[in-house]
1. For segment 109-165, give me the residue count where each residue is part of a loop (DSSP other than H, G, I, E, B), touching a strand residue (DSSP E or B) at 6+ places or on another chain (Cβ under 9 Å) and touching a residue at least 24 places away in the same chain (Cβ under 8 Å).
2. From the list 87, 95, exactly one residue is touching a helix residue (DSSP H, G or I) at 6+ places or on another chain (Cβ under 6 Å) and part of a loop (DSSP other than H, G, I, E, B). Which is it?
3. What number of residues within segment 1-15 satisfy the criterion of being over 19 Å from residue 130 (Cβ atoms) and either touching a residue at least 60 places away in the same chain (Cβ under 8 Å) or assigned to a loop (DSSP other than H, G, I, E, B) (or both)?
4. Where residues in segment 17-26 are in contact (Cβ under 8 Å) with a residue 60 or more places away in the chain and either surrounded by fewer than 16 Cβ atoms within 10 Å (Cβ to Cβ) or touching a helix residue (DSSP H, G or I) at 6+ places or on another chain (Cβ under 7 Å) (or both), which of them is nearest to residue 161 (Cα to Cα)?
5. Being more than 14 Å from the chain's Cα centre (by Cα) and either modelled with pLDDT of 95 or more or outside any loop (DSSP other than H, G, I, E, B) (or both) narrows it down to one of 43, 49, so name that one.
6. Among the residues of segment 57-76, count how many are within 17 Å of residue 28 (Cα to Cα) and not in a loop (DSSP other than H, G, I, E, B).
7. Starting from segment 50-68, take each residue that is in contact (Cβ under 8 Å) with a residue 60 or more places away in the chain and at positive phi and list its partners that are part of a loop (DSSP other than H, G, I, E, B) and surrounded by 20 or more Cβ atoms within 10 Å (Cβ to Cβ), counting only C-beta distances under 7 angstrom and pairs at least six apart or across chains.
8. What are the residues in segment 89-106 that are in contact (Cβ under 8 Å) with a residue 12 or more places away in the chain, out of contact with any strand residue (DSSP E or B) (no Cβ under 9 Å at 6 or more places or on another chain) and on the phi < 0 side of the Ramachandran plot, if any?
């Protein structure tokens, strides 16, 4: 199965898949509202605003596997994201990113090696995967900020060039 064919569910319960974003550069990130890294939502939203007109989107996947740091219901998660960080990017239904019951998308993504050549389980909340329209995946560990030069380079290298001002 292609990664784009894996079934996903939006936070509102609608079926979707990465195929719905096939023409976009997608930043998949497992998110949580009660984590020390939660302020990364702000930078994720900045990326969304800066690049969405060029064919980019963040997809947030709430996850409660790390010390129960995303305990809320879907309504609570949506409310937190919109009121605290002004999140406009799509959020998906809560998923598991590790273990036997991990979501099929994460079963594929965790096979991708990070900048140190290591694949395997998601280390913590806010692990990031940049997926290009051609299906290439770049992996960035949780401590790497969304606006880190290496993340920006992975996004920009796959986007159409910006029109001259």
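1. Result for segment 109-165: 15.
2. Being touching a helix residue (DSSP H, G or I) at 6+ places or on another chain (Cβ under 6 Å) and part of a loop (DSSP other than H, G, I, E, B) holds for just one of 87, 95, which is 87.
3. Matching residues across segment 1-15 total 8.
4. Result: 25.
5. Details: 43 fails: more than 14 Å from the chain's Cα centre (by Cα).
The conditions single out 49.
6. Of the residues in segment 57-76, 6 are within 17 Å of residue 28 (Cα to Cα) and not in a loop (DSSP other than H, G, I, E, B).
7. From residues that are in contact (Cβ under 8 Å) with a residue 60 or more places away in the chain and at positive phi, the pairs are 55/24.
8. Taking segment 89-106 and keeping what is in contact (Cβ under 8 Å) with a residue 12 or more places away in the chain, we get 89-99, 103-106.
From what's left, out of contact with any strand residue (DSSP E or B) (no Cβ under 9 Å at 6 or more places or on another chain): 96, 98-99.
Scanning segment 89-106 gives 96, 98.
The values are calculated or read from the model by the stated rules, or taken from the named source; none is laboratory data. Because the structure is predicted, anything quoted here is derived from the model rather than measured. Positions of Cβ are generated from backbone atoms using ideal geometry, with glycine treated the same way; all protein chains shown enter the neighbour counts.
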